[in-house]
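A.B. asks: Just dropping this structure here.
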Amino acid sequence: MVAELCCRAVKLLGTSAPALLASLCIAACGPEAAAPPSTPQTPAAPTQAGTAAAAPDETRPTLRLPTDVHPSAEAIELTVRPEQDRFSGRVDMDVTLDRGRRSIWLHALGLHVSSASVTPDGGAAIPASWTDEDDRGVGRLALAGDAPAGHARIHVEFDAPFVSGNKGLFKVTEAGVPYAFTQFEATDARRAFPCFDEPGFKIPFTATLVVPDGDQAITNTPEAGREPAGQGLVRVRFGTTKPLPSYLVAFAVGTLDVVKATDVAPNGVRSRPLPLRGVAPKGRGQELTYALAHAGEILSALETYFGIEYPYEKMDILAVPEMSGAMENAGAVTFNEPMLLLDPKTAPIWQRAEYAEVVAHEFAHQWFGDLVTMAWWDDTWLNESFAEWMGYKISQQWDPSLQGDLELANATQNAIGTDSLVSARQIHQPIATADDIENSFDDITYQKGGSVIAMFERWLGPDVFQKGVRQHLSQHRFGNATADDFLGALSSAAGRDVGSAFRTFLDQPGVPFVEAQLACTGGAPPHVHLKQSRFLPRGSAGDPNRTWQIPVCIKYPVAGTGREPQIKETCSLLGATEADVALEATACPAWVFPNAHGTGYYRFALSSADLANVRTKALPSLDARERITFANSLRAAFNHGSTPYAEVLLAAEPLAADADPRVASEPGGFVGMAHEWLATDPLRQRVEAYARRLAQAPFAKLGWTKQKGETPEAMQLRSEMLGFLLDTGRDAALRAEAKRRAAAYIGYHKDGAIHPDAVDENLAGEALWIAGQDADAAFFDALLAAFTKQTDDVMRGRLLGALSAARDPQLAARARDLVLDDRLKHNEMLQPLWGQLGQPETREDAWKWLQGHWDAVSARMSTVNFGGEQLVSMAGTFCDESHEKQVTDFMQGRAAKIDGGPRVLARTLEEIHLCVVKRSAEEPNVRKFFSKR
Ligand SMILES: [Zn+2]
């Protein structure tokens, strides 16, 4: 699964500019990192109550179903008519009972059960009644007689309303046409049909869909036959799946466009041609051309890496309206629309990169997750960390210009922000409650997990690592596996113990802090003294006394044969608290960089002298990943409290001229923070002048229009610099030009149509955002009119971003009310709140509004995947004591009612608190710095 992270959500506001993103995400998601997602759940709708009492030995399971009932197959027939409000169905589940019983525990949530029975092998059907036993979907079939040990078949008939949202079996309407789709991970298959809804129950499913004649019906396997079912319906039968957990089953029904693409050709590991299709809402099939043209290339790259052919009969990729993120259903992978519906000629660069990364991520799951499934949710990382790492890796391989490798470096730095908090989970986290299942889909699992895998891949060497991966997948194909299984395979491939070191990153939270000091004394060979502890920001209550076994690689120059020095790399495993690493050099190197290629999952600090040497001598020898890591080490020093504001900003300033947008944005983060803290201070104008001085030259070099043959890096840099100049720099001339272009873009005072040529596609989001900030009522109305008739999600994101930016009090009020406006899709609802909470000018009113409308907003978000947790994390926009208390008082009881809410609230409050501590220490320094300018 790919979930809507904070920054992904902000991206859909229509901009990719890191400056704007950073300011929104910093404002919205705490002092350092983007907030992760999670999921809420609606309370169970009442279903038919049973009457029989449980036998004394059949107590209600609190978290997991009993292990003495073994499902072996499930047949599902669903009648799905998207034009109606309810669906109905029946299931037959084959089970083995280890002992005789009167009760069988199952999952079903919000289903009305009309009849049920259990038929033992060779016996008569025993009537049964259904009772909901809790609001998370655990229920009991109470049998009217004893079912003996042995094989039996459970039969259940039921009906339920479609979910209005994007989880379970949900109904969505686009351009007036209704469709039904599914999203089951983590625990929402139970909303569509009764099942054993845990990943360890991996069984074959056989689906039949009864749908209106003329509708398309899609599931995990190819169609096996169809016949008329009366009343204008047709019964479509499908092949039996390979063993799957319930969360990987998927359905889609409606008058969909189904586009048959060329089969994916056989390759070195697959001898059969593989059928490939694309699915989109009616009339939008041709927008799948790009996605279908390249999906086979990405799939083949994965087959080659794994050395195992794609495990299923066919591959369908589905563009699903209103979906949050994407989902790896076996053979029927679902994506939100902009991930698949794109034209490479007009798509902004972030959209093309997202296509490659997310398609590779979901396809990688067909092996990591689908073929081999984690045994339980404590190993969600075995799915998601791998897919995250693989998504970037394959994207980098498929189109290096998309810079998947650098995106992973960026993701690492995001994860490090979250992982610095005391409230952070560990990657391999025991599951004590259902909340923990929801929380396991966070940026620790995805981004930290992916980064740790990349670190060990580099440490072992890519070939050894690949061998371990292949061994693991072959050993557990079509089954389940645990962390121990994977680490065992890796150790076996490496011929040594890898698990012990790996586990220090899996089984404890936190980011290692490596202090490195070059020592060249007394004729001894030069060495680097290393010291490790847990990285903790200033104000943290955490314990720094932690150790890891860290693969540390040090880069440094030695005298070469020619005039240029030769760059060397020395690696070692730092297991103790302190150690010396000898360098392969006879003379003292001019500099040392203690995280070669930026692959190490740790933060580092250098002595002042070593830091100055890196800054003045090493930068030209560092690759982009290393420069990103270096920039982040400055942020670490600031957040740690070891380097004050003036010093850190002056160190970061030269990075503004970097060719890589991720590095060039680093000083902007410090300036943006000052702009935020001094929101109502006259000194703010000096911050703005400083911002302009920093970014005007790099932007002037690039201009408003891209050059022929320009790199994606340059396109992103332009967007980055412009966003920073417009938002933090308040550059009057550029703002006027942005507004002029935004007006032309929406045909303002002209035809009211979209004119994509009016502004570069990578700058359209920035221009519209600024125009929205300064909108008057007439322009706001024009934006709203354009938004309302727009169907393309990227265009909608830009227009909604502009509406969300409104600062005029009356227009800001209208922007907030959009949250509950039916014209917004479920996956757009929070955008106006991100926009309003993200700006100091509108934040307080937005906070009041959110409190006043909490019940309505949280009710709607409860059926959006990870919606409830996103809502809780929005309160992390504050950085003062008064709001720290307000958020605590308001949220405490409410977050407890949201699945995964308590941990997200703990993190949100910790982020606010750390920001308050940082601000009280550094705001005087910020004032002093800008007073002198
Ligand atoms: Zn995933």
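A.B. asks: Does any residue in the stretch 493-519 that is under 26 Å from Phe593 (Cα atoms) and in a loop (DSSP other than H, G, I, E, B) come within less than 6 Å, Cβ to Cβ, of a residue that is modelled with pLDDT of 95 or more and among the hydroxyl-bearing types (Ser, Thr, Tyr) six or more places away or on a different chain, and which pairs are these?
C.D. replies: Close Cβ pairs (under 6 Å, with a partner that is modelled with pLDDT of 95 or more and among the hydroxyl-bearing types (Ser, Thr, Tyr)) amount to Val498/Ser491; Val511/Ser420.
A.B. asks: Determine whether Phe456 is touching a residue at least 40 places away in the same chain (Cβ under 8 Å) and assigned to a loop (DSSP other than H, G, I, E, B).
C.D. replies: Answer is no for this residue.
A.B. asks: Could you pull out the residue among Ser862, Ser858 that is surrounded by fewer than 24 Cβ atoms within 10 Å (Cβ to Cβ), within 30 Å of Thr187 (Cβ to Cβ), touching a residue at least 40 places away in the same chain (Cβ under 8 Å) and within 19 Å of the chain's Cα centre (by Cα)?
C.D. replies: Ser862
A.B. asks: Given the criterion in contact (Cβ under 8 Å) with a residue 12 or more places away in the chain, part of a helix (DSSP H, G or I) and crowded, with 24+ Cβ neighbours inside 10 Å, identify the matching residue among Glu720, Glu713.
C.D. replies: On inspection, the qualifying residue turns out to be Glu720.
A.B. asks: Right, another one. Select, from Met315, Met323, the only residue that is more than 14 Å from the ligand (Cβ to nearest atom), surrounded by 20 or more Cβ atoms within 10 Å (Cβ to Cβ), hydrophobic (A, V, I, L, M, F, W, C) and within 21 Å of Val249 (Cβ to Cβ).
C.D. replies: After ruling out the rest, the residue left standing is Met315.
A.B. asks: If you don't mind, there's one more thing I want to ask. So if I check each of Asp751, Asp774, Asp760, which one is among the charged types (D, E, K, R), over 27 Å from Met323 (Cβ atoms) and buried (at least 18 other Cβ atoms within 10 Å of the Cβ)?
C.D. replies: Matching residue, one of Asp751, Asp774, Asp760: Asp760.
A.B. asks: Further, regarding this structure: Name the one entry in Ala695, Ala659 that is in contact with a Gly (Cβ under 7 Å, 6 or more places away or on another chain) and either within 28 Å of Ser395 (Cβ to Cβ) or buried (at least 21 other Cβ atoms within 10 Å of the Cβ) (or both).
C.D. replies: After ruling out the rest, the residue left standing is Ala695.
A.B. asks: Examine the stretch 559-572 for a residue that is modelled with pLDDT of 95 or more and charged (D, E, K, R), and state whether such a residue exists.
C.D. replies: yes
A.B. asks: Return yes when Ala217 is part of a strand (DSSP E or B) and touching a residue at least 24 places away in the same chain (Cβ under 8 Å) and no when it is not.
C.D. replies: Answer is yes for this residue.
A.B. asks: For the stretch 539-566, how many residues are surrounded by fewer than 18 Cβ atoms within 10 Å (Cβ to Cβ) and assigned to a strand (DSSP E or B)?
C.D. replies: Residues meeting the conditions: 2.
A.B. asks: Sticking with this structure for a sec: Within the stretch 520-538, count every residue that is part of a strand (DSSP E or B) and surrounded by fewer than 16 Cβ atoms within 10 Å (Cβ to Cβ).
C.D. replies: The qualifying residues number 2.
The values are calculated or read from the model by the stated rules, or taken from the named source; none is laboratory data. Not measured: the values here are computed from a predicted model. Using ideal geometry, Cβ is built from the backbone for each residue, glycine included, and neighbour counts are taken over all protein chains shown.
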